[in-house]
Structures are given as structure tokens and as C-alpha cells.
Amino acid sequence: MTTALFSPIRIAALDLGNRIVVSPMCQYSADDGVATDWHITHLGMLSNSGAALVVVEATGVERRGRITHSCLGLYSDDCEAALARVVAHCRRYGNAKIAIQLAHAGRKASAQRPWEGGRPLDGAADPWETIAPSPLAFGPGWPPPREMTMSDMDRVCESFVQAARRALRAGVDAIELHAAHGYLLHSFLSPVSNRRTDAYGGSAAQRMRFPLDVAAAVRAAVPPSMPLGARITGNDWVEGGLTPVDAVAFARALKEIGLDFVCISSGGVSADARPVMVPGMNVQIAEMVKAEARIATRVVGLIATPKRAEEIIAGGKADMVALARAMLDNPHWGWHAAKVLGADVVRPSQYQRAAPNLWPGAMFQD
Ligand SMILES: Cc1cc2nc3c(=O)[nH]c(=O)nc-3n(C[C@H](O)[C@H](O)[C@H](O)COP(=O)(O)O)c2cc1C
């Protein structure tokens, strides 16, 4: 049986053996941005999930750009050394390529870990000043961020470039910029969070300007052979917010400055966002972006079964699928999907006896 999900794809000069990607997932387990043994455990495990690519969680390009005190960062030599150790571990024991998501949390920074409530840090919890395009709070109870000056923008842009250089030295195979979920780059793009009256606010082109400046600066620092992409928002799910048409325009502009792929996600721009949570919720948007912007397109959001993932790729709706929660639930998701679809994946020698013929029945139904 031939399967689209298990067909190879080349992005820039990176060859991926299949279309399955482990979506970036914050672990809130770093120590001043420095990866810990939890990252070795988590990413080491997912490097043997059957996915061709594992994306390391949103990684703060500067200290104040982390969501929580425990988020991963890439703003110090210690951060870089710890990431290099994690990447080397995954490469030695795993079979996936490793990408990293570079991020700045903007007005959603200085928050508690999700399991502590995910609320803004209070005075006793060592909060910090947040920055954003406009001094508008994310939602009720959130502090208004400080409106960024030109010098803030220069500094953040330079931090993205420096973090990309650190990521290259740490040995990653690909880099993606986080321009979704209401974090800093997305908050510039969206009229919900960007009310600037200078050249970085107003029209769609002006709201795109800072994120595109960052993307162009990072592109210039990353060799053309290395895939550079961005996670973008397909829909703000807020009245007056970004729509799929805006996602197409942004994807086109990213392609123009040399980015190799986009990942279509949605939501998170403000506490008012009401995403429509249905299986494959972003697939239609991805299909539109892929067709109209003609850039390699990944899609994420409630994709959990091999059959659905196969349909997305075989139907030409996206070039890659990213899975987050399904991978946590079943860190050998790719192995089981291969079994269901009649394909195979590379497995570590130590686990050869478990597959592919241990269970005669299918593991999934759908
Ligand atoms: C524990 C957890 C952490 C996440 N952290 C990130 C992140 O660092 N960057 C990001 O872009 N999305 C993050 N997300 C969102 C996922 O990457 C994904 O887009 C979302 O969960 C929808 O996909 P799913 O239905 O396959 O889980 C996170 C999701 C989870 C469950």
C-alpha cells in the first residue's frame, strides 16, 4: 500500500522521511531558560515517535520573552550549551530531525505555569514588565504591556537573530519563528492587539512590517540550505481579527523573503478568542494558504488519527501534519500510524522486537 503520510519531503536541503511532525510543546521545565534532564527525557522519547521532525518548544529569544519563569530560552551561553546537549542526545538515540521554535511571548509573558493556573504572575512571584505593540492587556486581570519603542524593536529583532545563531551552533536541523497564539509577532500582525499609529500599525502591510523585519533578519543569518519557517495564525476567532485571507497574505510575504514553510494554527490573540474546536479545525485554512501562497504548508490542530492525517496529505490539503497532544498520549504514534497505513518507520535496534508484527489487529479506529 502506498501512503501519502509516509512519503518523503524535502524542505530547503533537509530530507524528511515522512510528513509527521511533533508540534512544539512548552514543558515549563527549564531553569532560567536552560534545558534540564526533563528535556532529554521528553525530546529523546519523541525522537523515536516515528515523526520525521520534532520541533522543540517555544524558546524565548530574550529573558523577558519567556511565558513563565520555567520556559526554555536561548539567550545565554548556558542555554546554548544545554540545548546542544539535548540535540546531541536526540541525534544519538533518536531517528527524527530536530527543529526549534524561536519565540517572544510579548504581552502573554510573566505568567504562571498552566498547572499553577496560567494567570499573570502576582507581585510575590517575581513578575516582569511585558512589552507589546500597544499597551493593551491580553484580557481581564492581565497587566497592560509597555508599548514598544523603536529601540525595543531593534533589540528584539537582534535577539531573534542571536538566538538563531545559537540554535545553529547547537546543531538543530530547522528553525521556525512563533508568529501565532497571541505572542509578540502575532500581536503585531493582529488589529486586535496592534493599535499603533506609526509605520508598524494601521494597514495590514504595516502590521506585518515588524514580523517580516524579524523574519528577514533571521533568514539572513540562517544558511539557505536550512529550513526556516513560521507558525502563523489562520484565524483570530475574534470579531475584527485576522482571517484566513490575512494568513495567505502573510504566508506570501514570508515566502517572498525566503522562508521555506509555514505551519497553520489559530487562536490565542486575546482572552476573547473563541476557536471552533473541531477535528482538523485548521485544515481548510491550510489548504487555502498552500494553494494561494504556494509555500510548503504544515497544519496543526486536533489531528489525532492516522486516517485523518493520511487524508490531509493525500488530499493535497497540507504538506505536513503536526500533532501535539496525541503525541504525548502515545509517543509511538508514528509507529502505530505506519502499522495502520501499511508503511514502516525507522525504530531503534533495542525496540525492534516490538514491531511491526506484534499485534495483528489495528490499533486505531476511524
Ligand atoms: C503541553 C502543550 C504545550 C504547547 N506549547 C506550544 C509551544 O511551545 N508552541 C506552539 O506553537 N504551540 C504550543 N502548543 C500548541 C500545540 O503545538 C498545538 O498547536 C495544539 O496543541 C493543537 O494541536 P493538537 O490538537 O495536536 O494538540 C502546546 C500545546 C500543548 C498541549
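The values are calculated or read from the model by the stated rules, or taken from the named source; none is laboratory data. Keep in mind that what you see is a predicted model, and the values were worked out from it rather than measured. Using ideal geometry, Cβ is built from the backbone for each residue, glycine included, and neighbour counts are taken over all protein chains shown. Surface areas here come from the heavy atoms of the whole protein model, side chains and all, with no ligands, DNA or RNA. Shrake-Rupley method; radii C 1.70, N 1.55, O 1.52, S 1.80 Å.
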Across (1) open to solvent by less than 50 Å² (accessible area, probe 1.4 Å); (2) modelled with pLDDT under 95, Arg274 clears everything bar (1)
Kindly indicate which of Ser151, Ser203, Ser190 is crowded, with 17+ Cβ neighbours inside 10 Å, modelled with pLDDT of 95 or more and of a type in the set (Gly, Ala, Ser).
Ser190
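Considering only residues that are in a loop (DSSP other than H, G, I, E, B) and touching a His at 6+ places or on another chain (Cβ under 9 Å), look in the range 115-127 and name the one that is farthest from the ligand (Cβ to nearest atom).
Residues of the range 115-127 in a loop (DSSP other than H, G, I, E, B): 117-119, 121-122, 126-127.
Going one step further and asking which of them are touching a His at 6+ places or on another chain (Cβ under 9 Å), we end up with 121, 126.
Numbers: Leu121: 18, Asp126: 22 Å.
Applying the filter and picking the extreme gives Asp126.
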Looking at the range 11-40, I want the residues that are on the phi < 0 side of the Ramachandran plot and have a partner that is open to solvent by 30 Å² or more (accessible area, probe 1.4 Å) and β-branched (Val, Ile, Thr) with Cβ atoms under 9 Å, at least 6 apart or on another chain. Which pairs are those?
Gly17/Val346; Gln27/Thr36; Ser29/Thr36; Ala30/Thr36
How many residues does the range 292-342 hold that are open to solvent by less than 30 Å² (accessible area, probe 1.4 Å), more than 15 Å from the ligand (Cβ to nearest atom) and in a loop (DSSP other than H, G, I, E, B)?
2
Picked from the range 87-114 (must be in contact (Cβ under 8 Å) with a residue 60 or more places away in the chain and in a helix (DSSP H, G or I)), the residue surrounded by the fewest Cβ atoms within 10 Å (Cβ to Cβ) is Pro114
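Here is a yes/no grid of residues against (1) among the aliphatic types (A, V, I, L, M); (2) more than 13 Å from the ligand (Cβ to nearest atom); (3) more than 22 Å from Pro114 (Cα to Cα); (4) in a helix (DSSP H, G or I):
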position: Met25; (1), (2), (3), (4): yes, no, no, no
position: Ile40; (1), (2), (3), (4): yes, yes, no, yes
position: Gly44; (1), (2), (3), (4): no, yes, yes, yes
position: Gly50; (1), (2), (3), (4): no, yes, yes, no
position: Val55; (1), (2), (3), (4): yes, no, no, no
position: Ala58; (1), (2), (3), (4): yes, no, no, no
position: Ile67; (1), (2), (3), (4): yes, no, no, no
position: Ser70; (1), (2), (3), (4): no, no, no, no
Is it the case that the range 234-253 has a residue that's within 14 Å of the chain's Cα centre (by Cα) and modelled with pLDDT of 95 or more?
yes
Since Gly123 meets every condition but one in (1) buried (at least 24 other Cβ atoms within 10 Å of the Cβ); (2) farther than 17 Å from Gly60 by Cα, which condition does it not meet?
(1)
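Is it true that Gln284 is away from the ligand (no atom under 11 Å from the Cβ), more than 18 Å from Leu189 (Cα to Cα), of a type outside the set (A, V, I, L, M) and modelled with pLDDT under 95?
Working: away from the ligand (no atom under 11 Å from the Cβ): yes; more than 18 Å from Leu189 (Cα to Cα): yes; of a type outside the set (A, V, I, L, M): yes; modelled with pLDDT under 95: no.
For Gln284, the condition - away from the ligand (no atom under 11 Å from the Cβ), more than 18 Å from Leu189 (Cα to Cα), of a type outside the set (A, V, I, L, M) and modelled with pLDDT under 95 - is not met.
Could you pull out the residue among Val218, Val192, Val262 that is part of a helix (DSSP H, G or I) and touching a Leu at 6+ places or on another chain (Cβ under 9 Å)? Steps first, please.
Working: Val192 fails: part of a helix (DSSP H, G or I); Val262 fails: part of a helix (DSSP H, G or I).
Exactly one residue qualifies, and that residue is Val218.
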Out of the residues in the range 224-257 meeting the condition of being more than 15 Å from the ligand (Cβ to nearest atom) and free of Cβ contacts under 8 Å to residues at least 40 places away in the same chain, tell me which one is least open to solvent (accessible area, probe 1.4 Å).
Thr243
Would you confirm, using the coordinates I've provided, whether Gly267 is open to solvent by less than 10 Å² (accessible area, probe 1.4 Å) and either on the phi > 0 side of the Ramachandran plot or without any contact (Cβ under 8 Å) to a residue 24 or more places away in the chain (or both)?
yes
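Take Arg169 and decide whether it is surrounded by 15 or more Cβ atoms within 10 Å (Cβ to Cβ), charged (D, E, K, R) and at pLDDT 95 or above. Quick ask: steps written out before the conclusion?
Details: surrounded by 15 or more Cβ atoms within 10 Å (Cβ to Cβ): no; charged (D, E, K, R): yes; at pLDDT 95 or above: yes.
So Arg169 does not fit the description; no.
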